[in-house]
Every structure is written in C-alpha cells, then in structure tokens.
Amino acid sequence: MKPDGLKRFVLPVWIIVLSGILTACAGMQRREEAYSKSFFAMDTYMTFTVYDEDAKRAQSALRQAQEEIGRLEALWSVTDADSDIYAVNHGGGRPVAVQEETAQTILFALEMAQNTEGALEPTLYPVLTAWGFTTEENRIPSTEQINKLLGQVGYDRVLVAGKQITLEEGMMFDLGAVGKGCAGDRVVQVMEERGITSALLDIGGNVQAVGSKPDGSDWRLGLRSPFGEGIFGTLLISDLAVVTSGNYERYFIGEDGVRYGHIINPATGYPVNNGLASVTVIAKEGKLCDALSTSLFVMGLEDAVAYWKEHREEQEFDVILVTEDRKIYLTQEIKDRFDLQKDCRDMEMHVLDAGKPD
Ligand code: AMP
Ligand code: MG
C-alpha cells in the first residue's frame, strides 16, 4: 500500500502539555473534570482533552472531534482513491470538482505559497517521493532526477475555478504541511459549537488550545528541544495554536554520512540545511501556524525574521526560532510568556525587534 500524504508521518510529541494534571486538580474544585481521547490519524498520535462539568457533553464533543478528523483525512489523503486530493492528482490535466472545504484548503495553501514566495510548496510531492519521504525507503536522488522532478512542481500552475481544480499531468498536490493545522481549526470549531470552553488538542505535537484552563489561567506548554534533551522552555498560552517544524525529528543518514531531513527547499529540491533547528509559530489559527512553521524553516533565520517583520501585523503571529548553534530568537510577546529550562541556560536568547531594519 502506498503511504498517504497526510498519513505518512509519525511525529513524536514536540510540545508536551504540562498543565493537564494541574488543571485537572483545579478543575475538580470547580467540578470540571478532564475527559480525554487519544487515537492515531493522519499518521500521527492525537490526544484531545476537554474540561467540562457535563460528562455527556464532553464525551460527545470528543467523539465528534475524532469523526471530524476521520472525515478530513478521507477527503485529503494523497493515496486513498476516494479522496478529493487523489481525484485532483489523477485528473489527467482536466478540471476536477472537489468539496467546498477542500477547495478552500487548497486555496489557502496556494495563498501561503505565494506569500512565502514558494518556500511553502504544496506541489512538491514528486520530489518528496524521490527522496523516499513518502515511502520510508529513503535514498539520495541524483541531481538530474531532482531537477527533472522540479519541472513538475509549481504552485503557480495550479488552476482553481470555484470548486474546480486543474493540475497538469504529472503534478501532485499534497496538504502534508498544512493539513493538520486546518484539521485542528475544524476541531476547535467543533468544540466551540458544542459549548466547550476549555480544551487542549494535541495533534501530533501541534497544540491548539480552546479557551484557557478551567480556572481561567493560561495553559503551560513544554516546548520540545530540537537537540533531543527534553524541553527547552515552557510557554503560557490561552486560545492559541502552537506549531513547530524541524528537520531533526524525521530524517535519514545518507550513504555519504549526511543527515537529510523531511522539509525540502523547493528552490533546490534538497532538504533544508540552513542552520535552523526548529521553528515554532504561535497564532490564533492552526492552519497559519502550520503553513508558516514549515515555510519559515525553509527560509532560514534571516528571511524568516524579515518575513515576520513584514507580515506580523497583517497575519498576527509570533515566532520562536531555534538555531543549530543553540540560539533562540523570539518575539517580545512570546518572551513575556516564555521560561527557559534550567538545564538550557546556555542557550542565548534574542528578542526580535519589530522596528529594527534587517
Ligand atoms: P510540517 O511537519 O508541517 O513542517 O510539514 C512537513 C511536511 O510537508 C514534510 O514531511 C513533507 O511531506 C512536506 N514538505 C516538505 N517540504 C515542504 C515544503 N517546502 N513545502 C510544502 N510541504 C513540504
Ligand atoms: Mg507545517
């Protein structure tokens, strides 16, 4: 069986939720209980935790949330022959009608590709396949092969007319870099529609918070260190999404001894190797965080900071950029909510200045 674009990665949990136990205790005083559901979907582990006084309401919200994830996975799978994305990818150059929300998600991915000048490239799938990142059989493709496949890549060649999507033959669309964020936003909506005011969604390490802890205080999230040593800090947030991308969690060591990661620079067709170790994006919507964490990671420190300066007011997001040489670059808003772990005190912190020219 071919792997699925959305289903292909088993991501370790990047962001460890520290506040659960504390909140559960606080919740008991106020009679909110914690209800959790963990399951495997979109090739990752998800844990949704709802804090509510009404067991029935909490459990029904959790059930509906899981169903929603299943529904979106079936719509956006790259390999499931019944999915919208599969239909688009096998349209033989002809327009293919998709569901409204698939069209909207494709449009969002294309818009973010344009905003990031192609750092986010939702048609990169042929190149990802050549590296074996879609099959787990990793290999180093030849430069000729990469260059040839890059000819089948180009977000600006995807045609969208309402719900009709047209791809040139040989091109492949893939929501792997934004799908989990979009799905998270839908689950937040499901929770809100059900009257849930306090919940924490862990979607393969992406965290999306519905409201705050039952006692009204912020959730405290642990941010997983890209250097494989637990967490490097904690972050206090309410009602926000926190999404991290990095190349150390999923990579292979080539025969040449080089480490090749799963996030690829669409300009070269090679895995990103630009000195960044991880990028965390914090914003209201998971989809923006997901799109930006991947693309800022591709851009590298300097361009990522420039992108933040240019777009921070219109897109309203904050960042935590960690470099291979253990420096942390973060926005002032986040610094006020961030605590560095004791054992990571050697990591240099730099607050990004929104006004300072590059
Ligand atoms: P994320 O974990 O959200 O950063 O997404 C990374 C996944 O998106 C990878 O595992 C690839 O499947 C895919 N991908 C890799 N590089 C890119 C890129 N430059 N643009 C879009 N998707 C990418
Ligand atoms: Mg992403």
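Of the helices (runs of 4 or more DSSP H) lying entirely inside the range 53-130, those carrying at least 1 residues that are away from ligand 1 (no atom under 13 Å from the Cβ), loosely packed, with under 15 Cβ neighbours inside 10 Å and not hydroxyl-bearing (Ser, Thr, Tyr) are 55-76, 100-115.
If you go through the range 161-174 and keep only what is open to solvent by less than 50 Å² (accessible area, probe 1.4 Å) and either acidic (Asp, Glu) or free of Cβ contacts under 8 Å to residues at least 60 places away in the same chain (or both), you end up with 170, 174.
Sort out which residues of the range 187-205 are within 16 Å of ligand 2 (Cβ to nearest atom) and open to solvent by 10 Å² or more (accessible area, probe 1.4 Å), and write them in order of number. Show your work before the answer.
First pass over the range 187-205, keeping only residues within 16 Å of ligand 2 (Cβ to nearest atom): 201-205.
Across the range 187-205, the qualifying residue is only 202.
Could you list, in sequence order, all residues of the range 226-243 that are in contact with a strand residue (DSSP E or B) (Cβ under 8 Å, 6 or more places away or on another chain) and either more than 22 Å from residue 177 (Cα to Cα) or open to solvent by 20 Å² or more (accessible area, probe 1.4 Å) (or both)?
First, pick out the residues of the range 226-243 that are in contact with a strand residue (DSSP E or B) (Cβ under 8 Å, 6 or more places away or on another chain): 226-227, 230-243.
Matches in the range 226-243: 227, 230, 231, 232, 233, 234, 235, 236, 237, 238, 239, 240.
Within the range 131-146, being surrounded by fewer than 15 Cβ atoms within 10 Å (Cβ to Cβ), within 16 Å of residue 272 (Cα to Cα) and modelled with pLDDT of 95 or more holds for one residue alone: 143. Of all residues in the range 223-251, those satisfying the criterion of being farther than 18 Å from residue 298 by Cα and of a type in the set (Phe, Trp, Tyr) are 227, 232. Note on the range 287-310: residues that are within 15 Å of ligand 2 (Cβ to nearest atom), touching a strand residue (DSSP E or B) at 6+ places or on another chain (Cβ under 7 Å), touching a residue at least 40 places away in the same chain (Cβ under 8 Å) and aliphatic (A, V, I, L, M) amount to 4. Scanning the range 261-272 for residues that are open to solvent by 10 Å² or more (accessible area, probe 1.4 Å) and at pLDDT below 95 gives a single hit, 262. Just one of the listed residues (296, 288, 321) is in a helix (DSSP H, G or I), of a type in the set (A, V, I, L, M) and open to solvent by less than 10 Å² (accessible area, probe 1.4 Å), and it is 296. When the residues of the range 214-225 are filtered to those that are in contact with a Leu (Cβ under 8 Å, 6 or more places away or on another chain) and buried (at least 18 other Cβ atoms within 10 Å of the Cβ), the one that is farthest from residue 247 (Cα to Cα) is 219.
Residue pairs whose Cβ atoms lie under 6 Å apart, sitting 6 or more positions apart in sequence or on different chains, and linking a residue in the range 111-135 that is closer than 14 Å to residue 175 by Cα and among the polar types (S, T, N, Q) to a partner that is open to solvent by 10 Å² or more (accessible area, probe 1.4 Å) and in a loop (DSSP other than H, G, I, E, B), are 123/153; 134/3; 134/8.
If you go through the range 205-263 and pick out every residue that is within 15 Å of ligand 1 (Cβ to nearest atom) and polar (S, T, N, Q), you end up with 5. Residue 303 versus (1) open to solvent by 20 Å² or more (accessible area, probe 1.4 Å); (2) assigned to a strand (DSSP E or B): which is the lone unmet condition? Condition not satisfied by residue 303: (2).
I want to confirm something. Restricting to the range 264-284 and keeping residues that are within 14 Å of ligand 1 (Cβ to nearest atom) and not in a strand (DSSP E or B), which single residue is farthest from residue 128 (Cα to Cα)? Residue satisfying both the conditions and the ranking: 274. In the set (1) closer than 18 Å to residue 272 by Cβ; (2) in contact with a Phe, Trp or Tyr (Cβ under 7 Å, 6 or more places away or on another chain); (3) among the β-branched types (Val, Ile, Thr), residue 88 fails one condition alone, (1).
The values are calculated or read from the model by the stated rules, or taken from the named source; none is laboratory data. Keep in mind that what you see is a predicted model, and the values were worked out from it rather than measured. Positions of Cβ are backbone-derived with ideal geometry, glycine not excepted, and every protein chain shown enters the neighbour counts. These area figures cover heavy atoms from the full protein model, side chains too; ligands, DNA and RNA do not enter into them. Shrake-Rupley method; radii C 1.70, N 1.55, O 1.52, S 1.80 Å.
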